[in-house]
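Shown next, in structure tokens, is the structure this report addresses.
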Amino acid sequence: MEDIDVEVPKYFICPISFQIMRDPVTAITGITYDRESIEQWLLKGKSTNCPVTQQPLPTVSDLTPNHTLRRLIQAWCNENASLGVDRIPTPKPSIDKFHFLKLIKQLQHPDSKMKALKELDLLAVKNERNRKYMVEAGVPKAMLSFIVNCFKEDCVSGLEEALSVLFLIRIPSAEANLLPKQNDQIIKSLIWVLGCEFNTQVMAKSHAVSALKSIIETASSVVLERLEPKFFEMIVGVLKQCTTRITQQGINSALHVLLDACPWGRNLLMMVESGAVSALIELELGSPEKRTTELILGILFHLCSCADGRAEFLRHKGGIAVVTKRIMRVSPAADDRAVLILSLISKFSATSWVVHEMLEVGTVTKLCMLLQLDCATYLKEKTMEILRSHSDDWLKFPCIDKSVLTRYIK
């Protein structure tokens with residue numbers, strides 16, 4: 001329309017998009033908008049007020065189709081079609097909550113379940129409005145139930161679609177916070193999914209880990225205390241896969257799952273036994289994005305709080321070096337975790353080799369540099385504690401700048 005020299009009636013223009021309205025709807029404030037624009041305004045959380053009057057707009061369902069205005073717009077577009085104005089088709093009836101309830105029922109029948117799943121996937125992709133009604137209709141719970149049934153029947157048909165729908169609409173906290181017994185089944189089912197083969201392998205596995213993250217982060221302590229070795233073996237297996245096998249978002253979801261399971265000591269031991277320490281160090285050596293590094297260092301801190309975890313950390317030749325390298329290069333949160341990791345190693349596992357390694361890879365120099373920055377008081381105290389505890393050994397080496405080190409150990 002920008003290149004067409006024709007005057008458009010002002011009341012045909014949406015106050016939000018400033019484009020001709022294709023599906024005009026009137027809010028309870030009396031102002032008419034294009035449906036897509038006002039729904040995006042409300043659903044994306046820009047505001048819950050009418051953009052023009054600033055009066056409250058409760059929900060999307062309070063939008064009334066303005067058929068008279070739509071017909072006027074369509075007639076005007078037809079009259080000016082010769083001038084290059086696009087014709088506007090009559091919009092299809094909007095889908096409501098009851099349509100999704102109908103699709104959920106169709107999932108119970110073998111002849112219609114695949115068609116229903118594919119339609120749910122398409123509608124979830126289409127817009128935020130559909131996703132809102134899907135949550136209200138209970139689609140997240142229906143998808144989780146479908147995945148559990150697939151696990152029980154050892155059948156992968158429809159899993160990719162169900163996982164895609166779950167990923168698009170997300171699992172609300174209220175939906176994820178189910179009874180412990182239900183959570184157990186859901187967790188076992190999603191872990192089983194990680195071992196299955198799919199046509200869209202990368203996306204299916206990523207969606208499964210994302211769903212698992214939503215369940216774990218709201219799970220009760222009873223559920224988290226009962227996690228099994230296979231759970232951690234599969235999650236660590238995800239971390240060992242390169243980004244051609246799983247998305248970056250999938251990797252971060254797997255890291256979130258491990259971090260949420262860390263407060264329980266038996267989980268730490270199972271993580272160590274599943275090879276988590278080595279997998280995390282290898283992942284970090286690939287120089288991942290900021291958030292990934294913060295998650296990795298957070299998990300490594302917990303793992304290094306136990307003797308087996310520290311032993312595995314030191315067994316990897318790149319452990320101390322990569323943690324040292326991340327100090328002052330990522331974020332204050334990463335600095336915090338990195339220093340705490342080094343503090344645990346320094347306090348409980350400081351063999352002569354470790355002390356020499358910390359000097360060799362630049363840990364001592366990096367810690368001295370950190371003290372010159374405006375970091376948290378407790379972090380400076382931890383840093384000075386590390387330097388003081390082994391200063392006598394480090395001062396024996398000719399390569400160390402004695403004046404710098406002694407400045408902080410007095």
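Taking a straight Cα-Cα cut-off under 19 Å and skipping sequence neighbours fewer than 8 places away in the same chain, the aspartates and glutamates within cross-link reach of Lys113 are Asp121, Glu153, Asp154, Glu160, Glu161.
Could you please state how large a percent of the accessible area of segment 274-409 is carbon and sulfur, counting protein chains only and using a 1.4 Å probe? Kindly include the intermediate steps, with their values, before the conclusion.
Values: 3270 of 6180 Å².
Roughly 53 percent, rounded to a whole number.
Considering the chain at the alpha-carbon level, its Rg and Dmax are found to be 28.5, 92 Å. Relative to the longest principal axis of the Cα atoms of the chain, helix 97-106 runs at roughly 70 degrees.
Leaving out ligands, DNA and RNA, what percent of the accessible area of segment 95-273 is carbon and sulfur, probe 1.4 Å? With neighbouring chains kept in place, the figure for segment 95-273 is 53 percent.
Between Lys113, Lys205, Lys102, the Gaussian network model of the chain with springs among Cα atoms under 10 angstrom shows the greatest mean-square fluctuation at Lys102. Once the Cα atoms are used to define both axes, helix 377-389 deviates from the longest principal axis of the chain by about 30 degrees. Taking the charge dipole of the chain about its Cα centre, with +1 at Lys and Arg Cβ atoms and -1 at Asp and Glu Cβ atoms, the residue from Phe12, Ile169, Gln182 reaching farthest to the positive side is Gln182. Look at the dipole of the chain built from charges on Cβ: of Gly250, Ser221, Thr48, the Cα furthest out on the positive end belongs to Ser221. Cross-linked pairs Lys10/Lys132; Lys152/Lys213; Lys97/Lys118; Lys118/Lys240; Lys141/Lys213: Cα-Cα separations exceed 26 Å for Lys10/Lys132; Lys118/Lys240. Loop-located GluC sites (Glu not before Pro) across segment 103-212 with a Cβ neighbour count of 12 or fewer within 10 Å are Glu197, with loop assigned by DSSP.
Accessible area per residue for the chain in Å², computed with a 1.4 Å probe and the full protein assembly in place, what is it? Can you show the working numbers first?
Working: 20480 Å² over 410 residues.
Per residue, the chain has an accessible area of 50 Å².
Roughly how big is the chain's charge dipole about its Cα centre, with Cβ charges of +1 (Lys, Arg) and -1 (Asp, Glu), in debye to the nearest 20? All intermediate terms of the calculation are to be shown ahead of the outcome.
Values: 49 positive and 46 negative charges, 104 e Å.
In debye, rounded to 20, the chain gives about 500.
Toward the positive end of the charge dipole of the chain, with +1 on the Cβ of Lys and Arg and -1 on the Cβ of Asp and Glu, the farthest Cα among Thr365, Ser94, Leu72 is that of Thr365.
Measuring nothing but protein heavy atoms, the accessible surface of segment 8-81 at 1.4 Å probe radius is 53 percent carbon and sulfur.
Sorted by packing (mean other beta-carbon atoms within 10 Å per residue), highest first, where do 223-231, 68-76, 210-218 land? Walk me through the numbers on the way to the answer.
Numbers: 223-231: 17.0, 68-76: 15.1, 210-218: 22.8.
Output ranking for 223-231, 68-76, 210-218: 210-218, 223-231, 68-76.
Cross-link partners for Lys380 among the lysines, with Cα-Cα distance under 30 Å and sequence neighbours closer than 8 places in the same chain left out: Lys290, Lys317, Lys325, Lys347, Lys366, Lys396, Lys402, Lys410.
The angle separating the long axis of helix 159-169 from the principal Cα axis of greatest extent in the chain is about 80 degrees.
Just from its helices, what would the mean residue ellipticity at 222 nm be for the chain, if runs of 4 or more DSSP H residues each count -39500 (n - 2.57) and the sum is divided by every residue, rounded to the nearest 500 deg cm²/dmol?
Values: 24 runs with 258 residues, N = 410.
Rounded to the nearest 500, it is -19000 deg cm²/dmol.
The values are calculated or read from the model by the stated rules, or taken from the named source; none is laboratory data. These numbers were taken from a predicted model, which means no experiment stands behind them. Note that we place each Cβ from the backbone using ideal geometry, even for glycine, and neighbour counts take in every protein chain shown. The area values use the complete protein model at the heavy-atom level, side chains included, leaving out ligands, DNA and RNA. Shrake-Rupley method; radii C 1.70, N 1.55, O 1.52, S 1.80 Å.
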